Amino acid sequence: MALVSLTWFPGAVPKSITVTEQNGIYDLSNITDLEKTVIKLAPVTTYYPNTYLMPANENTSVPESVDQFESIPAQYLSQRFILNLPDNSDTYALTFTLSGRHAMRVYVNGRLAGQTGKPGTTKLNTEVWENNITVDAAAEDGKMEIILHSAQFYHAKRGASLAELSLNKSGTVPDVFTFHRIKGMAVMGALLCAAVLLLGIYLILSRTRATLYFALACVVMALRECLQSQAWTYFLIHGNLSFMLEYLSVVLLTIFLSLYLGQFAIGKFLRVVQYTAILGSCIYGACILFGDSIFYTQVLKYYQILLVLCIVPGITVLFFKMRNPIKEQAAAMYGIAVFYLAAISDIVMYSDVLGDHTNTPISETAMLVFVLAQTVSLFQMNNRVLGEAKEAEQKLEVEKTALEDLNRLKTEFLGNVSHELKTPLTVMSGYAQTTKQLAGQPDTLDKGEVSRRMTLISSEAERLSLMVGQVLDVTRMEEGRMVMEPVRCYVDEIIHAAIETHYPILNKNRNRLDIRIEGGLPAVHADPARISQVVVNLISNAVRFTADGVITISVRKEYDKILICVSDTGIGIATERILHIFERYSKKQKSGGGQDTGTGLGLYICKHIVEHHGGEIWIESEKGHGTSVFFNLPVHQD
């Protein structure tokens, strides 16, 4: 026996001892400290290619030197181990580890001790399983003869591989593969929890596709971790199916992560890289689903090259474009960097570019970092989206309230207008009928009374015309059809013409009209008819809310504008109403005579006309102390 190495695992027991064979026998009889000690047997020097060595004919078959392993292709083989152990009744745990999935069967001292999968002589009758098997056995008369069958028909790069054997006292050293399975279950559970959380966010809170794609990527990565950690053996999954799913998981993971990264793909180059990775993955996925395992494991190297050619420049350009990421993208970029560097490392490792050695993938661990980073990023993104949605909802609620108020005001307005239109019509109808009766009595006809009544009919008709005109003007304003025809004109002429034309409807409530116009006023560039409409509206309002008072119209030049003011000594306006006085359908107040009059549109129309001419309009008023309405117009520039 040659003791090659003695290694203590840092911070943990057990210790490990490596033993080599002498004349085909591993002599362990002199090793007494087998408690919490793992004996690793150096590889045997001979094996039996394309042969299932049986206990009955173990001495009739001729072995080959392991030096011929590379030159003799073998999809199934046998290995023989002979151990000398202390002569006692101790039970030992024998662990065989191979490279890649195999079907294995173990005989100890001529009896079947354990089997994983189904070793056969063809691919059809072989079912691959794990890459290790552990059996418990005891020596007989201090000797243990072991035969291992292993078969691998599924991978193009390798057939059956040679196993490494380790031995320890049964029950004294934890099964390392059990730990890997438990770890795999824990990682798988963490990934599935993340997937459920993200799917819940997608379904309940937002419909952000990036969230859905990353949740699906977590599901696929959970499946891959289940397969690679060999936790899949706890589930009802066929061994050959698990082999195919392990390769298919790479395809699905690439597709979903490419779709997820599409949210960062800014520019034509990144889009081309994204679609290339997705298209290549779909083609390779079809090879897995519809092709033979030998074919798709042979094509795997080309798919790996495609992924490297997409990942390296794609992630490089992505990081360059996102070198100043916003808050929610910073965590995402960190996770992307960690995961894709690990993915490149695993691709290089599995392709054996650096030599054929034990494969220890790191993508699964990196995926947990990736998941954590992306979950933080997606939470931040969804919070932003939800915030924007909430803000939009609040805005819509405000608009809805405004529309409801507007609809209510319109309803009130229609009721008021109906009433207001009915009043002059009633007056006109009444005077017309009484005038007709007077006309039917020519002997007693009083021409002065007839003239007075006709004047009143004309006045009410004019008032009716003004109200109808206001309704039509608002309609034109809302549709953008209100026509302005500005010309060079003078404000004093417009005011005198307006008073003269509309005097019958302005001479009410026993008010006195006082006109104060500054001399030598310059011309303005305005539509005389529309400015006259403003003046008449303002005087009409003053008349309605003033009784036995004074209505004053003053005009003067102030800097480069002509300032017009219509003031009264009426009931005034409450301060809280002044803020809304120029709004359409504004609620009216009682007139000086205690009646609701007018349509409530006059000041709204006045504001539109004045502002369209480049002027301003405002009100100064105090409850019970009269009202002054000011508006100005720019002086005409010659």
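Can you give the extra length, in nm with one decimal, that the chain gains between Tyr302 and Leu438 once fully stretched, where that is 0.36 nm per residue apart less the Cα-Cα distance?
Using 0.36 nm per residue and subtracting the Cα-Cα distance, I get 37.8 nm.
Based on the alpha-carbon gyration tensor of region 72-218 and its eigenvalue square roots a ≥ b ≥ c, which shape applies: rounded if a/c is under 1.5, prolate if not and a/b is larger than b/c, or oblate?
Oblate is the answer for region 72-218, as a/c is 1.5 or above yet b/c matches or exceeds a/b.
Just check region 210-299 against the gyration tensor rule for me: Cα atoms, a ≥ b ≥ c as the square roots of the eigenvalues, rounded for a/c under 1.5, and otherwise prolate or oblate depending on whether a/b exceeds b/c.
oblate
Please list, by residue number, every one of the trypsin sites (Lys or Arg not before Pro) in region 428-502 that is coil in DSSP and has at most 11 other beta-carbon atoms within 10 Å.
Here the sparse-neighbourhood loop sites are Arg481.
State the three equivalent ellipsoid semi-axes of region 82-135, derived from the C-alpha gyration tensor as the square roots of 5 times its eigenvalues, in descending order and whole Å.
Taking √(5λ) for each eigenvalue gives 26, 12, 8 Å, largest first.
For region 119-185, what class follows from the C-alpha gyration tensor (a ≥ b ≥ c being the square roots of its eigenvalues): rounded when a/c is under 1.5, otherwise prolate if a/b is larger than b/c, else oblate?
oblate
For region 71-114, what is the accessible area per residue in Å² when the probe is 1.4 Å?
For region 71-114, the solvent-accessible area averages 36 Å² per residue.
Quote the FRET efficiency, to the nearest 0.05, computed for Ser451 versus Asp405 with a Förster distance R0 of 45 Å and r equal to the Cβ-Cβ distance.
Efficiency computed from Cβ-Cβ geometry: 0.40.
Given R₀ = 60 Å, FRET efficiency for His580-Thr316 by Cβ-Cβ distance, to 0.05?
With R0 = 60 Å, the Cβ-Cβ based efficiency is 0.50.
Rounded to the nearest 0.05, what FRET efficiency is calculated for Arg488 and Val550 with R0 set to 35 Å and r the Cβ-Cβ distance?
Working from the Cβ atoms, E equals 0.60.
Return one whole number: the accessible area per residue of region 180-287 in Å², for a 1.4 Å probe.
43
Among the lysines, select those whose C-alpha is under 30 Å from the C-alpha of Lys447, and discard any that sit fewer than 8 residues away in the same chain.
Lys422, Lys436, Lys508
May I ask you to list the lysines whose Cα is less than 20 Å away from that of Lys123, ignoring any residue fewer than eight positions away on the same chain?
Cα-Cα hits under 20 Å: Lys157.
Run the helix sum for the chain: -39,500 (n - 2.57) per DSSP H stretch of 4+ residues, divided by residue count, reported at 222 nm to the nearest 500 deg cm²/dmol.
Helix contribution divided over all residues of the chain: -17000 deg cm²/dmol.
What's the magnitude of the charge dipole for the chain around its Cα centre, counting Lys and Arg as +1 and Asp and Glu as -1 at the beta-carbon? Answer in Debye, nearest 20.
Using only the charged Cβ atoms, the result is roughly 1280 debye.
Carbon and sulfur atoms: what percent of the 1.4 Å accessible area of the chain do they account for?
59
Full extension from Thr18 to Arg207: what is 0.36 nm times the residue separation minus their Cα-Cα distance, to one decimal in nm?
62.3 nm
So if I place +1 on the C-beta of Lys and Arg and -1 on the C-beta of Asp and Glu, and nothing else carries charge, what would the dipole magnitude of region 505-563 be about its Cα centre? I want it in debye, nearest 20.
That gives a dipole near 200 debye.
Expected output is a single nm value to one decimal: the length gained when fully extending between Ile283 and Met54, i.e. 0.36 nm times separation in residues minus the C-alpha distance. What is it?
Between Ile283 and Met54, full extension yields an extra 78.1 nm.
Show me the GluC sites (Glu not before Pro) within region 40-105 that DSSP assigns to loop and that have at most 11 other Cβ atoms within 10 Å of their Cβ.
Within region 40-105, the qualifying GluC sites (Glu not before Pro) (loop, at most 11 other Cβ atoms within 10 Å) are Glu70.
Is there a quick way to get the dipole size of region 175-266? I mean about its Cα centre, with the Cβ of Lys and Arg at +1 and of Asp and Glu at -1; what is the value in debye to the nearest 20?
Computed about the Cα centre, the dipole is about 220 debye.
Would you compute the Debye intensity of the chain from its alpha-carbon atoms alone, equal scatterers and no solvent, and pass along log10 I(q)/I(0) at q = 0.06, 0.08 Å⁻¹ to two decimals?
Each listed q corresponds, in turn, to -0.59, -0.75.
With a cap of 12 neighbouring Cβ atoms within 10 Å, and only residues DSSP puts in a loop, list the trypsin sites (Lys or Arg not before Pro) found in region 492-558.
Filter output for region 492-558: Arg510.
The values are calculated or read from the model by the stated rules, or taken from the named source; none is laboratory data. Because the structure is a prediction, the values reported are computed rather than measured. Note: ideal-geometry Cβ built from the backbone for every residue, glycine included; neighbour counts use all protein chains shown. What goes into the accessible areas is simple: the full protein's heavy atoms, side chains included, and nothing from ligands, DNA or RNA. Shrake-Rupley method; radii C 1.70, N 1.55, O 1.52, S 1.80 Å.
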